[in-house]
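Trainee: This is the structure I have questions about; it appears just below.
The values are calculated or read from the model by the stated rules, or taken from the named source; none is laboratory data. Bear in mind the structure is a predicted one, so any value in this text is a computation, not a measurement. Neighbour counts run over all protein chains shown; Cβ positions are idealised from the backbone, glycine included.
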């Protein structure tokens, strides 16, 4: 084969590889956009609830200040999500030390209305502080997504447990529920993009992106589940290195 022909084929191969890379970037951005819309909806709903509570307790200045501070926190979450999305094409931001206890509490506040509405028994086993360097808004999205999945699976008056443990090498976070569980048939596919058992209520992106986020932190996310009557439930464990 002539050298010019080989060079031409190499050029075409390089062009095809670049086109594939760009298409993968666009696909990833599209997946991110769908998930971001979901993540923004949660703090916006929490913000609306906090504004309602502030108005309800309008004659109690201390309560109004408390709800206003929580509303400001949720507004900051929306801004952080927007900033992260706008900066997606610019490459990764800088990891900063963050207290995973505060992120977990913030994620719970996002879903407070659902927790109260379903009368969920909430068990929190959290230390005072668990600081690791992370992309905070991304980890908040992961925790929020796992809580949302548990709440979807739980019946009224079900149990949701969050346990955080500090290790010398990092932090472990467990999110567990006694919901309907995940069958062996579906367990192997839960981290695949667009796989969902929620039909029209789910995009199938939450766990797939959560896994990518945790792997970006050089961590791991694992799941175990049971559908056995009387012992059903699902547990997710996230490990993030220090």
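One line per residue, one yes/no per condition, for (1) in contact with a helix residue (DSSP H, G or I) (Cβ under 7 Å, 6 or more places away or on another chain); (2) modelled with pLDDT of 70 or more; (3) part of a loop (DSSP other than H, G, I, E, B); (4) under 26 Å from residue 170 (Cβ atoms):
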{"site": "185", "(1), (2), (3), (4)": "no, yes, no, no"}
{"site": "190", "(1), (2), (3), (4)": "yes, yes, yes, yes"}
{"site": "195", "(1), (2), (3), (4)": "no, no, yes, no"}
{"site": "200", "(1), (2), (3), (4)": "no, no, no, no"}
{"site": "204", "(1), (2), (3), (4)": "no, no, yes, no"}
{"site": "213", "(1), (2), (3), (4)": "yes, yes, no, yes"}
{"site": "221", "(1), (2), (3), (4)": "yes, yes, no, yes"}
{"site": "224", "(1), (2), (3), (4)": "no, yes, no, yes"}
{"site": "234", "(1), (2), (3), (4)": "yes, yes, no, yes"}
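Trainee: While we're on this one: All but one of (1) closer than 21 Å to residue 114 by Cα; (2) out of contact with any helix residue (DSSP H, G or I) (no Cβ under 9 Å at 6 or more places or on another chain) hold for residue 156; which doesn't?
Mentor: Status for residue 156: all satisfied but (2).
Trainee: Let me ask something additional. Give me the pairs: first residue in the stretch 132-158 and at positive phi and in the same structural domain as residue 217 (by TED's automatic domain parsing), second residue surrounded by fewer than 18 Cβ atoms within 10 Å (Cβ to Cβ) and in a loop (DSSP other than H, G, I, E, B), beta-carbon distance under 6 Å, and six or more apart or on different chains, which are they?
Mentor: The qualifying pairs are 157/119.
Trainee: Is at least one residue of the stretch 169-180 modelled with pLDDT under 75, farther than 21 Å from residue 138 by Cα and not in a strand (DSSP E or B)?
Mentor: There is no residue in the stretch 169-180 that is modelled with pLDDT under 75, farther than 21 Å from residue 138 by Cα and not in a strand (DSSP E or B).
Trainee: Would you confirm whether or not the stretch 149-158 contains a residue that is within 20 Å of residue 72 (Cα to Cα), under 12 Å from the mean Cα position of the chain (by Cα) and part of a helix (DSSP H, G or I)?
Mentor: Within the stretch 149-158, none of the residues are within 20 Å of residue 72 (Cα to Cα), under 12 Å from the mean Cα position of the chain (by Cα) and part of a helix (DSSP H, G or I).
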